[in-house]
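The values are calculated or read from the model by the stated rules, or taken from the named source; none is laboratory data. On a predicted model such as this, the values are computed, not experimentally measured, just so you know. Backbone-built Cβ (ideal geometry, glycine too); neighbour counts: all protein chains shown. Heavy atoms of the whole protein, side chains included, go into the accessibility calculation; ligands, DNA and RNA do not. Shrake-Rupley method; radii C 1.70, N 1.55, O 1.52, S 1.80 Å.
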Amino acid sequence: MDMQAIASKNGNFNLKDYEGTRETFRWEDVNKHFTWNDTGKVNMAYEALDRHAEDSKTKDKIALIYSAPEREAKKTFSELSKESNKFANVLKKYGIEKGDRVFLFMPRSPEFYAAFFGILKIGAVAGPLFEAFMEQAVRDRLQDSEAKVLITTKELIARVPQEELPHLEKVIIVGEVPDDQGNYIDYKEEVDGASDQFDMVWVDLEDGMLLHYTSGSTGKPKGVYHVHNAMIQHYATGEWVLDLKEDDVYWCTADPGWVTGTSYGIFAPWLHGVTNVIRGGRFTPDDWYHTLEKYQVSVWYTAPTALRMLVSHGEEKLRSYDLTALRHLMSVGEPLNPEVITWGLAAFNLRIHDTWWMTETGAQLIVNLPALEIRPGSMGKPIPGIEAAIVDNEGNELPPNQMGNLAIKEGWPAMMRQIWNNPSKYESYFINGWYVSGDSAYRDEDGYFWFQGRLDDVINTSGERVGPFEVESKLIEHPAVAEAGVIGKPHPERGEIIKAFITLNDKYTETPELLEEIRVFVKTGLSAHAAPREIEVKDSIPKTRSGKIMRRLLKSWELGLPTGDTSTLEE
Ligand code: WTA
C-alpha cells in the first residue's frame, strides 16, 4: 500500500515522547494513580466509581449519559455509586459471595451499569452477555460459567432455559416482571428497598472480575477470565491511547457484551473520571452523528464497520451536523482500511487511530498513538511496557518484513488469567514465553505492525500469499462496492483462488460488466494475483456483532460445509 504516512499534528497529547517513555517506563509507575497504592485496599469499582463519588470536586460530575430512542438519563458519579451500593446489598441479601459468577443479559441501560458495579463491589465475577444471543448461546455460557445469578429483562427471559441451568439460583428482572409464575426478583423493588451504603468487599489484584465469552475457530465459546489487576493497563491506555482529559465527553460504541464495551466502555473512561456516553438501540449514520453532536462528544472509539457505513452514506450527511467538539477518533476490532482513514481526514479533518488487541489481552497492545505518524493500513506500534514480535511456530522471532504469528511477551497487566474450566486451552496460547495471538502480521523496519489476517484466513494462491484484508480494502475503494468479504476457495491448480463476496452501494445494480470492472480495478490497483477470480453479490456480508467479517462462514457457505458456531453473527 503506497499510502502517504500521515503526520501527527502538534497537540496537547498525554504521551508525547513515545521512544523515551518506552525506554524508561515500568508498569509499577502507574500504581501511584490508584488508591490501593496507599491503602492496600483493592477493588476496580472503588477506583472507577466510588473514588470519584467521594471526592467533592467530582461527586456531582456527570458520569453517565444514557441515550436511547425511548429514554434519556444522566447519572452523576455519586448517584451511580449509590445505586451500585444498593444492588450490591441485594446480591448480599441473596447470599452472593466473592468469586460467584453473576451474569447480565440485557440491553445497555443505566441499570446495567449500576448492577455491573454492584457485582464488582461484592467481589463477584461479572459476565455480560450480548442481548442478541439466542437460547443456545445463552445456555452454553451460563452452563460453562455455572452462574448463580442472572440479571435480565422480560423480553429476554424466554431465551434463558432455566430448567437446564441447575446452578442458576436467582433471576433478577429489570423493568416489567413477567407474570409467567416464574420465581423472579424485581430489580426496582429490591433496589428501592436497599440501603445505599455498602461495605466494599476488598479483593486481591489477582482476584477475578470479569468473564467474557469469545468464539474461536473451533468448539464452543470459551470463557476469558480477567482480574482486577487489568485496571493498571486500562488506566495507562486511557491516558496514552484514548488521550482522556478531565473535560472530555467520551463515547465508545461497543456493547458491554464484548470486551471493548467493558475495558473501554466502562473501565478506562471511568478510571479517568470522564463523562461517558452510552448509546442504546440500533444504529444508523444519523443516530451516530446526532449523538456526537447532541452531547458534544470529544473522543470517539468505534469500529471500522461503523466507519465504513458512514463512508457509504457520504460526506454530505456529516456536513449537516455540528461535530466541532470531536478531537480524537479511534477504531478497533478488524483491520482499518486505508481508504477509511483517507475519508476520515477529509470528512472529520481528523486522523482515525487504529488499535489492536483481543478479548484475551484485556486491553490495547498495538496502537496508533496521537503523537505518532500513522501509516495507513498499519495497526501502529506496541504501547510502552509491551514487547510485540513476529514469531515462527516454535516461538522464534522473525526479522522485519517477514510474515508470521503476531505474538506478545507474556505478562502484561490486563492479560487473561484463565480460560474458564479449560486450563489446557489456556496453555495452548503460549509458546516459548510468547502469547501467540492467532493473527498473522509483519513488522516493518521502523517497528510498525501490519495485520494480514487471522492465520486461517490467509490465502495462498499459486504459491503467493494474499491477505484478504488487502483485497477487501481495495474492493471497497471501488465506488460501487459497499462491503466486501474475501476467502480462499480451493482450486486444483492454484491451491486456492480468491473469491469475493460484495454488497453494492445503493445506486448500482449487478451486471457482468460491473463485476468485470471491479475485478480489473483490483487487478490493476493491487496486483494480478490478488484479483478475485470470482465475485458474488450479496445483500449483506455476514459479520460478528463486533463487526468482524465472518470469512469462515462465507467459506462454509461456499463449500457447502456446516457453519459451526454462529452465535456471534449479527442478524
Ligand atoms: C481482530 C476485539 C486488525 C484480530 C478487541 C484479533 C484486529 C481479533 C484489530 C480480536 C485491528 C482486533 N486490526 N484486526 N486493529 N483489532 N482485530 O477478541 O483478528 O473481539 O485477533 O477483540 O480481532 O477480536 P476480539
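Couple of notes before you dig in:
- Of all the criteria given as (1) open to solvent by 20 Å² or more (accessible area, probe 1.4 Å); (2) under 23 Å from Gly467 (Cα atoms), the one not satisfied by Arg319 is (2).
- Of the residues making up the stretch 98-121, at least one is under 25 Å from the mean Cα position of the chain (by Cα), of a type in the set (Lys, Arg), open to solvent by 10 Å² or more (accessible area, probe 1.4 Å) and closer than 18 Å to Ala88 by Cβ.
Residue by residue, here is whether (1) within 16 Å of the ligand (Cβ to nearest atom); (2) touching a Lys or Arg at 6+ places or on another chain (Cβ under 9 Å); (3) at pLDDT 95 or above holds:
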{"position": "Tyr213", "(1), (2), (3)": "yes, yes, no"}
{"position": "Asp243", "(1), (2), (3)": "no, yes, yes"}
{"position": "Tyr250", "(1), (2), (3)": "no, no, yes"}
{"position": "Ile266", "(1), (2), (3)": "yes, no, yes"}
{"position": "Ile278", "(1), (2), (3)": "no, yes, yes"}
{"position": "Asp287", "(1), (2), (3)": "no, yes, no"}
{"position": "Leu292", "(1), (2), (3)": "no, no, yes"}
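- Any hit, the stretch 369-392, residues being within 11 Å of the ligand (Cβ to nearest atom), open to solvent by 10 Å² or more (accessible area, probe 1.4 Å) and touching a strand residue (DSSP E or B) at 6+ places or on another chain (Cβ under 6 Å): no
- Just one residue in the set Tyr448, Tyr429, Tyr435 is at pLDDT below 95, within 15 Å of the ligand (Cβ to nearest atom) and either within 25 Å of the chain's Cα centre (by Cα) or among the small types (Gly, Ala, Ser) (or both); that residue is Tyr429.
The rows are residues; the columns are (1) touching a residue at least 40 places away in the same chain (Cβ under 8 Å); (2) open to solvent by less than 90 Å² (accessible area, probe 1.4 Å).
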position	(1), (2)
Asn14	yes, yes
Glu19	no, no
Thr24	no, no
Glu28	no, no
His33	yes, yes
Lys41	yes, no
Glu47	yes, yes
His52	yes, yes
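- Among the residues of the stretch 287-316, those that are outside any loop (DSSP other than H, G, I, E, B), open to solvent by 60 Å² or more (accessible area, probe 1.4 Å) and free of Cβ contacts under 8 Å to residues at least 60 places away in the same chain comprise His290, Met309, His313, Glu315, Glu316.
Condition check ((1) farther than 25 Å from Met379 by Cα; (2) open to solvent by less than 80 Å² (accessible area, probe 1.4 Å)) across all residues:
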residue: Glu472; (1), (2): no, yes
residue: Leu475; (1), (2): no, yes
residue: His478; (1), (2): no, yes
residue: Ala482; (1), (2): no, yes
residue: Gly488; (1), (2): no, yes
residue: Ile498; (1), (2): no, yes
residue: Glu510; (1), (2): yes, no
residue: Ile518; (1), (2): yes, yes
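- When the stretch 294-337 is filtered for residues that are touching a Lys or Arg at 6+ places or on another chain (Cβ under 8 Å), of a type in the set (Ser, Thr, Tyr) and within 16 Å of the ligand (Cβ to nearest atom), only Thr305 remains.
- Only one of Ser78, Ser56, Ser8 that is modelled with pLDDT of 95 or more, assigned to a loop (DSSP other than H, G, I, E, B) and farther than 26 Å from Glu206 by Cα: Ser56
- Strands (runs of 3 or more DSSP E) lying entirely in the stretch 427-534 (those with 3 or more residues that are among the aliphatic types (A, V, I, L, M)): 481-491, 495-504
- All of Gly257, Gly273 fail the test of being on the phi > 0 side of the Ramachandran plot, in a loop (DSSP other than H, G, I, E, B) and open to solvent by less than 10 Å² (accessible area, probe 1.4 Å), apart from Gly273.
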